[in-house]
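Peer 1: Structure in structure tokens, see below.
The values are calculated or read from the model by the stated rules, or taken from the named source; none is laboratory data. Computed from a predicted structure; not experimentally measured. Virtual Cβ from ideal backbone geometry, glycine too; neighbours counted across all protein chains shown. The accessibility values were calculated without ligands, DNA or RNA, using every heavy atom of the protein model including side chains. Shrake-Rupley method; radii C 1.70, N 1.55, O 1.52, S 1.80 Å.
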Amino acid sequence: MTNTTAVAAGVVSAAALGTAVAVTGLCPGHAPWALLGGILTAFIVDRLMDRTPGT
């Protein structure tokens, strides 16, 4: 991805979800879901930023 804002949002999201998994002590199998959540967040932010006003 070339959109640094979207990448930053994805990293923050993945880190927050990963921290929540680590703090609650859930099984480590939930870590890939935290990563997926970060990737999806980055994708959505990238798509929203590509929109032009008035369309």
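Peer 1: With axes computed from alpha carbons, what is the tilt in degrees of helix 31-50 against the longest principal axis of the chain, rounded to the nearest 10 within 0 to 90?
Peer 2: 10
Peer 1: I need to check one value: relative contact order of the chain, counting alpha carbon pairs closer than 8 Å and at least 6 residues apart, in percent.
Peer 2: 48
Peer 1: Please give the helix 4-24 orientation as an angle from the longest Cα principal axis of the chain, in degrees from 0 to 90, rounded to the nearest 10.
Peer 2: Compared with the principal axis, the helix lies near 20 degrees.
Peer 1: Next up: Using per-residue counts of other Cβ atoms within 10 Å, averaged over each peptide, order 41-47, 27-33, 15-21 from highest down.
Peer 2: Ranked from most to least packed, the peptides come out as 41-47, 15-21, 27-33.
Peer 1: What part of the accessible area of the chain, given as a whole %, is carbon or sulfur when the probe is 1.4 angstrom?
Peer 2: Its accessible area is 73 percent carbon and sulfur atoms.
Peer 1: Continuing with this model, one more query. Rounded to the nearest 0.05, what FRET efficiency do Phe43 and Ala22 have when you use their Cβ-Cβ distance and R0 = 22 Å?
Peer 2: Between Phe43 and Ala22 the formula returns 0.35.
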